[in-house]
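Read-outs: derived from the displayed coordinates by stated rules, not from any lab. These numbers come from a predicted model, not from an experiment. Cβ placement follows ideal geometry from the backbone for every residue including glycine, while neighbour counts extend to all protein chains displayed.
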Amino acid sequence: MIKKKPLIGITGSRRKGENLRDGLEVMNDLSFEAYWVDDAECIIAAGGIPVFLPLSLDPEEFIPRLDGILMSGGADIDPRQYGAEPAPELESIEPIRDEFELKLLKEAYESELPIAGICRGLQILNVYAGGTLFQDIPTHSVRDQPPLSCVHKVTFDDGSILAELYGRSMEVNSLHHQSIAKLGDGFIAAGIADDQGIEAIEHCELPILAVQWHPEMLITRDSDPLFRWLIEHSSENL
């Protein structure tokens, strides 16, 4: 008998056809939704089935059918979501994605679904929990090297789940230009960079872990413990 695999919802972004290379000009004003294949392949490698979540869906309708959530990376969060005005360094925002993901997290929290967050995923989790962000940390944005390049160290808090998964410390990539300022309610800062920036968080009560780097882009991605943790916890109620 084939073992049942957990269904993991993956968030994505919405773009216009004009952003597609070699796209038809007559389709420039049409919308498409994009999801990074790396995220899906990591879920598959860890033993789950990825499910892409269109932004037009009502989270109330699909959350009961999912076993876990991967909050993926992407554009900046609109700072008005955490009570701040946009800074000049703010990059592209996707208000429709912000609203969708905040509604998704409300439903996922209530259902106590396991959640893993990556980069923007960490940031939207923090904002949902009442936290804030630094809108621009240029020293964190290392975009002149391949995404698999490890450029700084993260040290994990003793006794944290992430320390159990990754050990005392690890080298990571760094593509983000925003990071946590005020930590959201219910979270602990489980991973810290050398400059004391928060690189990983975990919830004190709910099955939620999130990291600021991109494990799905590292050479260790197919065995990365974050994805294994998500699949293991998402499989508990199958």
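Obtain the nm distance between the two label points defined at Glu60 and Arg80 by a simple spin-label model: each point lies 7 Å from its Cα along the Cα-to-C-beta direction.
So the two model labels end up 2.5 nm from each other.
Quick one: compute the contact order of the chain, relative version, from alpha carbon pairs under 8 angstrom and 6+ residues apart, as a percent.
21 percent
Cut-off 10 angstrom, C-alpha nodes, Gaussian network model of the chain. Which of Ile69, Ile49, Ile201 fluctuates the most?
Result: Ile49 has the largest fluctuation of those listed.
Please name whichever of Ile49, Ile63, Ala75 sits farthest to the positive end of the charge dipole of the chain, dipole taken about the Cα centre and charges placed at Cβ: Lys and Arg +1, Asp and Glu -1.
Final value for the positive-end residue is Ile49.
When the dipole is taken about the Cα centre of the chain, and only Lys, Arg (+1) and Asp, Glu (-1) are charged at their Cβ, what size is it in debye, to the nearest 20?
It works out to roughly 420 debye.
Quick check: pseudo-label points 7 Å beyond the Cα along Cα→Cβ at Ala189 and Met27, how many nm apart are they?
Placing both labels 7 Å beyond Cα along the Cβ direction yields 4.6 nm.
For the residue pair Ala45 and Glu89, what label-to-label distance in nm results when each label sits 7 Å from Cα along the Cα-to-beta-carbon direction?
3.2 nm
For Ala34, project a label point 7 Å along Cα to C-beta. Then give me every residue of the stretch 178-214 with its amide nitrogen under 19 Å of that point.
It comes to 178, 214, nothing else.
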